[in-house]
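Notes to accompany the following structure.
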Amino acid sequence: MPTPNISIIIPAFNEEANIEPIFNRIFQLLREEDYEIIFVDDGSTDNSFINIQKLARAHPQVKGVSFSRNFGHQAALKAGLDHAKGNCTISIDCDLEHPPEAISKMLAFWREGAEVVISKRENSLKTTFFKRYSSQTFYFLLKFISDIQVEPGTADFRLLDKKVVQACAAITENELFWRGIIPWLGFKTKTLWYHQDQRQHGESKYTLLKMMKLSLVGITSFSIRPLYLSLYLGVFFAGSSFVYLLYAVTIKFLTNDSVSGWASVIASVLLIGGMQLLILGVMGIYLGKLFMQSKGRPQYVIRETLPTALQKQELKRVV
């Protein structure tokens, strides 16, 4: 079949009720375009892949990738990029919080010369105080710790030129953080502002634990500065302990007083012990990342792809 001009990647995890609605909106939007839609089923336990199969039978531009289990949203994006054939590739979430209508503006930026089009929310519906400020804290820490400039409020709703997708194919990291990888690549970037819509069906699959894990991956994937901070903290507390030791010895032998205050001593010991555990934890994270990367395991495992060989033969006869 001919190479499409536009590839649309849609990761889906237990989104059976949103598969057809997002396809219909994209279908209406890109009616005059040459495109393909790649649904990546991230190990769903509902009828998400069955609904993708129904669309693939009725629409030759629909393709599907089904994981053997849940590998995560970032791995699903990687699978979509690996299978995309278009001159540009757009990733969008399946829950319809990213408005498909913004794709037209992305394509306009791309045709004007942008190699990457990132998106930023102008509003954030139903965002709790904790989520809003924890997100701001994460982006502040990421900017402080790493050398990568990730714009606050950005999402995985973006357009990539074909040359950028080819560069992404060389990424072999086990722990992926595309919001940091894309600016690290350094291509010509344009920013698109959009209004976040309400989720159409179901609930968000990004739990607090998953968001914290993604934040930790983002912070530790682009810098070893946390290790240097651990070293600086160790030097500071070691120096403080040495000064306190000199003070205690001086009081003991040069005066008639003695150093009192067992509570302060215990507090100091607990503080230093806690910092030691923190430093060991930071080192352990980096060693763990090296250990997992050294295994050389694939970033995802595919159980099934659409169209199947039989469907491809049928499509060739139709074409």
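The values are calculated or read from the model by the stated rules, or taken from the named source; none is laboratory data. Because the structure is predicted, anything quoted here is derived from the model rather than measured. Here the Cβ positions follow ideal geometry from the backbone for every residue, glycine too, while neighbour counts run over all protein chains shown.
For this structure, a couple of remarks:
- Being out of contact with any His (no Cβ under 7 Å at 6 or more places or on another chain), surrounded by fewer than 22 Cβ atoms within 10 Å (Cβ to Cβ) and assigned to a loop (DSSP other than H, G, I, E, B) is a property that does not hold for SER66.
- Residue, surrounded by the most Cβ atoms within 10 Å (Cβ to Cβ), within segment 105-142, restricted to residues that are of a type in the set (Lys, Arg) and at pLDDT below 70: LYS131
- Filtered residues of segment 151-167 (kept if modelled with pLDDT of 75 or more and either in a loop (DSSP other than H, G, I, E, B) or within 12 Å of ILE182 (Cβ to Cβ) (or both)): THR154, ALA155, ASP156, PHE157, ARG158, LEU159, LEU160, ASP161, VAL164, VAL165, ALA167
- Among the residues listed as GLU97, GLU115, GLU101, the single one being of a type outside the set (Gly, Ala, Ser) and out of contact with any Asp or Glu (no Cβ under 9 Å at 6 or more places or on another chain): GLU101
- Taking the conditions (1) buried (at least 23 other Cβ atoms within 10 Å of the Cβ); (2) of a type in the set (Asp, Glu); (3) over 20 Å from ALA169 (Cα atoms) in turn, ASP41 satisfies each one other than (3).
- Some residue of segment 26-33 being over 22 Å from the mean Cα position of the chain (by Cα), assigned to a loop (DSSP other than H, G, I, E, B) and free of Cβ contacts under 8 Å to residues at least 24 places away in the same chain: yes
- Restricting segment 50-62 to residues that are out of contact with any Phe, Trp or Tyr (no Cβ under 8 Å at 6 or more places or on another chain) and in a helix (DSSP H, G or I), the residue that is surrounded by the fewest Cβ atoms within 10 Å (Cβ to Cβ): ALA58
- The lone exception for ILE38 - which of (1) in a helix (DSSP H, G or I); (2) closer than 23 Å to PHE177 by Cα it fails: (1)
- Restricting attention to segment 83-95 and to residues that are in a loop (DSSP other than H, G, I, E, B) and at pLDDT 90 or above, the residue that is surrounded by the most Cβ atoms within 10 Å (Cβ to Cβ) turns out to be CYS94.
- Test: residue in segment 23-32 that is surrounded by fewer than 23 Cβ atoms within 10 Å (Cβ to Cβ), assigned by TED's automatic domain parsing to the domain that holds GLU122 and under 13 Å from LEU306 (Cβ atoms): no
- For GLY72, the conditions (1) buried (at least 19 other Cβ atoms within 10 Å of the Cβ); (2) under 21 Å from the mean Cα position of the chain (by Cα); (3) at pLDDT below 95; (4) at negative phi are fulfilled apart from (4).
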